[in-house]
Amino acid sequence: MDTFSPPHPPPTSPEVASSEKKNEPIPPPPEASLSPLSSGKHREHAGSFRALPDLRQSQKISDGGSILIANSERSSSFSTVRAGNQNSSSSSETYIASLIDDLQTSLQALEAYPPLSKLEEWAIFIHECLSRESRKFHSVHHVFEISAGCDPLQLLAAFFRDAISCITDGGFTTRQEARVGDIVVHHHDTAEEEGSRYTLTKDTDRLVDLVMDIFGLEAGQDISESYRGLDVFLSAVLMARLLRETLSEPLLAQIAVCMEATIPFRRPSSTGKTALDLLYDRLEKANMKYELDMEITEMIEAIQRAADLNNRNLGNFASEDAVFFLDHTWSLLPERSASLRRSYLYSVNDMASACHEMSIFLSDLDTNVVFQSFRGLPNDDEMEFFQQRLSSNLAKGRKYMSAKLLAVTVCSALATLSGGDVPMSFFAGDLPTHNYHSDRLGEDFPTFDYKELTNNCDNDVYLILNRGRQLEQSFDTRNAPIAAYLYASLGDDGVAAALKQCCVPMTMKSSMRLLKHLPRQNVQIIATDVGKIAVSRVLAIQELMVELFGQEEQAHDHEVVTG
């Protein structure tokens, strides 16, 4: 029990030069460059969850969608494959067509010309991987956010980076199994250990060994489910195997480097080396071992490119719009909690547990390990800007999550003391659809003018709680009336004090302790509304109110829990 506490001109870059050295791709057929897919419909910068044409053509960096490092010292090898073609069509392409278009543009920029049938095959595969039911955040749309404005190698890395997610997806698809199932063995839960583990097989080949060396892994190695890089590694192997006949080993290695750098939130080693320092060391060794013939400047630029992709991937943390940041953070919940993906079946305690885990994550997150820089890119001014925005967003995110956690914990306490855990929809009301709307908990709760909040409240946090996030989620509504009410009533300090009375999951003792700690009016208003929705609990809740506050006080209050 836990307690709370320009699109097609050849780039003048090292990666093109390296394709002339080793494992040079087969030259293109004469007709390849005449493909109708080379239409120039490419994005320069990404934004919030807007329509795909907007993502693909916008000329403005949105708040947090992608971070484009505008450094005058950046070498030409960082040139983007999307230069905002002025002839871009305003019509909307499908995701798959967009994937085909961008795959072709990137590969042609690297002087690789696979047939259209291959581009279609890869695009459909990527789309399939990123469109599984479990993907609420790391979806195909997320790919178009972080890849906007990327150079060819970054784009390919972004497209494949989240292709495989064993833990979130619950295993491989049939086609994933055929591509990477031979290099990992999954050991399910045993009596001796908590959680699952994986073992890398020893039956590997040169290409898999190259990717392993870049990721610092070894054949036969046991990998804990808690290792954040497992899915990224498997996705990198998938990328390398799909593109091995199209790109040279040096290029495949640089894409894998970009992917490895996106493994998030890694602290420096005991010797003080950052994750990117260690990645450079491994690339340097791989360069010698596999005779990749990369120059020192190429390897440095490969790591700088990788740092940029990592910062794009985590760009929402540096958003200048707190709502945008919270939208992305909240979208992660169902990927971290399988129960929340069952929109109408998850329980009050399921939601409390998911909020608790996210609250811990935000509280414990070291701001020094989010954004990465390598040998001056991004520069110090850019990193300072990222840190400032990150600190501001985390502060608001922690307050928002604490209020949400307290609200669901109050519901958990009422459920625990009135008969036990129940589906969240039974207490809070059904999630609204286009043709159905049930009563919702807190619809008639008191609201406050944010300009008059006095209880040490953050106005932005209250407005987000009361008015709602931008995005509707399949497991939750955008606004949070209970959390907004409690936050306005108690303020940051009051919410923190109340959470000290709680535990996960809530027990009979902790439930009584929490409800007695909170102001009587807050408890009664919430309990009254719960009784109106959860009709079979009304008598139990009424008796609970008498036990908490006494018969006389209950009789004095008007409509305290009436069915």
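The values are calculated or read from the model by the stated rules, or taken from the named source; none is laboratory data. Please read all numbers here as calculations on a predicted model, not as lab measurements. Reconstructed Cβ throughout: ideal geometry from the backbone, glycine too, with neighbour counts over all protein chains shown. To get the accessible areas, we keep the full protein, side chains included, count just its heavy atoms, and leave off ligands, DNA and RNA. Shrake-Rupley method; radii C 1.70, N 1.55, O 1.52, S 1.80 Å.
Show the residue pairs that are 6+ apart or on different chains and have beta-carbon atoms under 7 Å apart, the first residue being within the range 509-526 and within 19 Å of residue 488 (Cβ to Cβ), the second being open to solvent by less than 80 Å² (accessible area, probe 1.4 Å) and among the polar types (S, T, N, Q).
So the pair list comes out as 514/409; 514/501; 517/501; 519/489; 522/489.
Restricting attention to the range 448-465, report how many residues are in contact with a helix residue (DSSP H, G or I) (Cβ under 6 Å, 6 or more places away or on another chain) and open to solvent by 40 Å² or more (accessible area, probe 1.4 Å).
6
Step by step: first the residues of the range 347-383, then only those that are open to solvent by 10 Å² or more (accessible area, probe 1.4 Å) and part of a strand (DSSP E or B), then the one that is nearest to residue 501 (Cα to Cα). Which residue is that?
Among those residues, the one meeting the criterion is 347.
Any residue that is at pLDDT below 85 and hydroxyl-bearing (Ser, Thr, Tyr) - is there at least one of those in the range 434-443?
yes
Could you list, in sequence order, all residues of the range 249-278 that are open to solvent by 20 Å² or more (accessible area, probe 1.4 Å) and of a type in the set (A, V, I, L, M, F, W, C)?
Matches in the range 249-278: 265, 278.
For (1) part of a loop (DSSP other than H, G, I, E, B); (2) of a type outside the set (Lys, Arg); (3) in contact with a strand residue (DSSP E or B) (Cβ under 8 Å, 6 or more places away or on another chain), each residue gets a yes or a no:
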site: 219; (1), (2), (3): yes, yes, yes
site: 239; (1), (2), (3): no, yes, no
site: 251; (1), (2), (3): no, yes, no
site: 270; (1), (2), (3): yes, yes, no
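Looking for something among the β-branched types (Val, Ile, Thr), within 18 Å of the chain's Cα centre (by Cα) and more than 22 Å from residue 488 (Cα to Cα) - is there at least one such residue anywhere in the range 369-380?
Yes, there is a match, as at least one residue in the range 369-380 is among the β-branched types (Val, Ile, Thr), within 18 Å of the chain's Cα centre (by Cα) and more than 22 Å from residue 488 (Cα to Cα).
Please go through (1) within 16 Å of residue 158 (Cβ to Cβ); (2) in a helix (DSSP H, G or I); (3) open to solvent by 10 Å² or more (accessible area, probe 1.4 Å) for residue 281 and return the number of the only condition it doesn't satisfy.
(1)
Restricting the range 495-521 to residues that are open to solvent by 10 Å² or more (accessible area, probe 1.4 Å) and of a type in the set (S, T, N, Q), which is nearest to residue 405 (Cα to Cα)?
Here the answer is 501.
Name the one entry in 195, 229, 171 that is surrounded by 14 or more Cβ atoms within 10 Å (Cβ to Cβ) and either of a type outside the set (Ser, Thr, Tyr) or modelled with pLDDT under 90 (or both).
229
For the range 284-316, how many residues are open to solvent by less than 10 Å² (accessible area, probe 1.4 Å) and of a type in the set (Val, Ile, Thr)?
1
Report yes if some residue within the range 329-336 is more than 30 Å from residue 356 (Cβ to Cβ) and open to solvent by 10 Å² or more (accessible area, probe 1.4 Å); otherwise report no.
Within the range 329-336, the subset more than 30 Å from residue 356 (Cβ to Cβ) is none.
No; the residues of the range 329-336 include none that is more than 30 Å from residue 356 (Cβ to Cβ) and open to solvent by 10 Å² or more (accessible area, probe 1.4 Å).
Cβ contacts < 7 Å: first residue farther than 12 Å from residue 505 by Cβ, restricted to the range 350-365; second residue of a type in the set (Phe, Trp, Tyr) and surrounded by fewer than 19 Cβ atoms within 10 Å (Cβ to Cβ), any location; separation 6+ or different chain. Result?
365/265
So the check is Cβ under 6 Å with 6+ separation or different chains; which pairs have a first residue in the range 198-220 that's farther than 10 Å from residue 240 by Cβ and a second one that's assigned to a strand (DSSP E or B) and modelled with pLDDT under 95?
So the pair list comes out as 198/184; 198/186; 198/223; 199/185; 199/222; 200/184; 219/200.
Specify which of the listed residues (117, 98, 106, 92) is small (Gly, Ala, Ser) and modelled with pLDDT under 90.
92
Testing residue 186 on (1) in a loop (DSSP other than H, G, I, E, B); (2) more than 29 Å from residue 305 (Cβ to Cβ); (3) at pLDDT below 90, one condition comes back false. Which one is that?
Failing condition for residue 186: (1).
Can you pull out every residue in the range 522-536 that is among the charged types (D, E, K, R) and open to solvent by 30 Å² or more (accessible area, probe 1.4 Å)?
532
Can you work out which of the residues in the range 258-275 that are within 19 Å of residue 154 (Cβ to Cβ) and of a type in the set (A, V, I, L, M, F, W, C) is modelled with the lowest pLDDT?
In this case the residue turns out to be 263.
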